[in-house]
Each structure stands twice: as structure tokens, then as C-alpha cells.
């Protein structure tokens, strides 16, 4: 993949502040920002509703049956959505400096030499606090809810990529956002600047 | 564990430059530096030779039999060394600002509130190059040798701690040192400074 555009991918534990970190980074750097927007863009390409794609993408629960090819010989819906989202991501990365949150973007862009890959995590206490205070989640057991969302993200990523979500070696930089949102942003900016300097 | 001292632990893939990064950090920050020195300090406490401890610590190959308690009821040697090294690490951390490389120090100091935990990794190509060019390793298949050393480190860490070596979530900061040794050091300094500012 030839690319002159700067692309930062952000994988993130639920409640780690990955979305807000990505948004602020995009504002500071003047990059485009993509997170949930990718759902709508993939839905448009497929002729599906946004709600249908949302229901079947990252939150997908895998079962033996759901991943069989249908009698029509078509790919399972999860795989169709993954391919559509991947194509959207590749098109975006080829055309503009951008920040992409989630959607296995680090894997999708693995042959893009200007892709800088980040993983953001935080202790469970920080994440449950953010889920309640900032995301306004109202569920009976917030800790197990947060853990369940992460488990779904990991299952989806690991199934689609054969990599291991959250394993440091597949990212350029992993940060505990409990260090502070502003510091996390500053660290990413410093690291990304050097990365792109090296890439010429 | 009460502690006013600043302690940076560095876990590292073999060939990622973790030792040199730790040494330069220690020089820049005016901290003490501990890596292989811990072997000698643990050996001294145990009345073993440095060579014997070196042979039986991080490089330990686990077998069903080697981890049985002996007929004397003594702990296996690997466990004895782990405990002696852990005590040395706790004593050091309680008494001076320091950087400690390897030896499960992040786990050993998990209840130390001023411990900042780092993991350094790099793509296999970078690491084999460093192993040959800088560590002067001369083995027939350098790639499989580098992978074997990491496998031993992971086995040792996972066995001793029940955590998963290289999983981003157990560290404050994970860095791909292929970004550049100097940038890696700058990022760690910036992040550690903010961490210690927060800790007051």
C-alpha cells in the first residue's frame, strides 16, 4: 500500500477514554476523525441500515452456526461488514491524514507504512468510573459490563485478524490513560511526530 | 508498600534495546541502574555463585520434575532465586530512585505506588539485527534464537506472576523501540515525569 498520508489508529479498552483522546488529537493535528462514522459509511456501501450494521459489527457474539456460509454461498454478515468497513478504512487512509478508532484498523492497514498504531487501556476502576460519569451507562453491575464489552472487542479482533488484541507487540505505543488524558495526548503527539519524521 | 522513591521497571523483548534505554535513562535522570547486577546481589544473599544463579534464573526451562519440592521439603532452586531477587528488588526500591530491568520487577513492586512500569518491544527484524550488531551473538539461526530467549522470558514471568508478559494492560507504557532509541527515552521521561507529578 503506497501512502503519503498520516494515519493514526487507536484501539482502546472500553472506558479508557480512547474516543475523546482520538478526537482531541484530531483537533490538535488537523486530521479527520473516524469512529462510529465508519458504521454509517459501511452501511451505505452495503445498502444495509446503520442500525443493522451496528448490531452486527464489533459487538458480534460468535457462534458456531453464525459463521457458517449460508445456503446461498454468501459470506456471513459479520464478515461482509468487516470487508465493507475495511474497504472504507483503506479508502480514507489513502486520501487524508486521519485518526481511526477501533474496527481492527491497525490490522486492516498493516501494509500501510505511514500507519502509527496505538492501544489505550486503563485500570478497571478508572474505566468503570468513566463509563458511569462520562458515558452515562446505567447497568446493574458496571464492572462486569465493562469487562464484557472488552471481551467482545477482543473476540471480534482476534477472530478477524488472528492477532491478539491488547498484546503490546502489535502496536507502536500502548498507554495507560490513567496517567492523564492530556499527557496521553502529548505522548502520542511526540511519538507520532518522530515516527513521521523517520518516514520522511 | 510505602515509598517516596521513583522506581521505573523495564520489561523488554530480547534485542529491543531495553538495557541501553534503561542505562541512558538512569544517566539522564541520575537514578541507580540495576539489570544483571541483581544476579550477583541475589547470589550473595543466598551463598550461591553468580554463575549458578545466572544459570537458574530467567533462562530457566521449566519441567514437571524441576518444580517439585525436593525430598528435603525445600523450595525448587528457581523459586528460591526468585524470592531472593524479589527481596533485593524491594530493598533497592525502598532506598533509592532507580531503574530496574527484567526480573519480574513490575510484579514484585506491584504494591509500590511510585513504580512506573514499562515494556519495550520491537519487530523481530530490528531485534535480530541488534543481537548480531550490538550484542555480537553468533548462532546459526539468529531469528529462532531471539524468539527462544523471549519464550523463556515469557514462560518465567507467566509462571512466577500469573500475569501475561507483554500484555499491554499490566504496564503503564509499552513502546516499539524501532521508533528510535532516543525518542523512546524521551517518551519515557515525559511520561514518568507526569506520573511522578501526579503522585506528588
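Can you tell which of A:27, A:37, A:74 is modelled with pLDDT of 95 or more and surrounded by fewer than 17 Cβ atoms within 10 Å (Cβ to Cβ)?
From the options A:27, A:37, A:74, the qualifying one is A:27.
Which residue pairs have Cβ atoms under 6 Å apart, sit 6 or more places apart or on different chains, and have a first residue in the range A:34-59 that is in contact (Cβ under 8 Å) with a residue 24 or more places away in the chain and a second that is surrounded by 14 or more Cβ atoms within 10 Å (Cβ to Cβ) and not in a helix (DSSP H, G or I)?
Taking only residues 6 or more apart or on different chains, the pairs are A:34/A:100; A:35/A:101; A:38/A:103.
Any idea which residue in the range A:186-200 is nearest to the chain's Cα centre (by Cα), counting only those that are surrounded by fewer than 20 Cβ atoms within 10 Å (Cβ to Cβ) and in a helix (DSSP H, G or I)?
Once the filter is applied, the top-ranked residue is A:189.
Within the range B:159-185, work out how many residues are within 7 Å of chain A (Cβ to nearest Cβ) and surrounded by fewer than 16 Cβ atoms within 10 Å (Cβ to Cβ).
Looking only at that region, the number is 0.
Determine whether residue A:151 is within 14 Å of another protein chain (Cβ to nearest Cβ), without any contact (Cβ under 8 Å) to a residue 60 or more places away in the chain, in contact with a strand residue (DSSP E or B) (Cβ under 9 Å, 6 or more places away or on another chain) and more than 15 Å from residue B:172 (Cα to Cα).
Spelling it out, it is not the case that residue A:151 is within 14 Å of another protein chain (Cβ to nearest Cβ), without any contact (Cβ under 8 Å) to a residue 60 or more places away in the chain, in contact with a strand residue (DSSP E or B) (Cβ under 9 Å, 6 or more places away or on another chain) and more than 15 Å from residue B:172 (Cα to Cα).
Across the range A:94-126, what is the number of residues that are in a helix (DSSP H, G or I), under 17 Å from the mean Cα position of the chain (by Cα) and within 14 Å of chain B (Cβ to nearest Cβ)?
1
The values are calculated or read from the model by the stated rules, or taken from the named source; none is laboratory data. Treat the numbers as computed from the prediction; the structure is a model and nothing was measured. Neighbour counts are summed over all protein chains in view; Cβ atoms, including those assigned to glycine, are modelled from backbone coordinates with ideal geometry.
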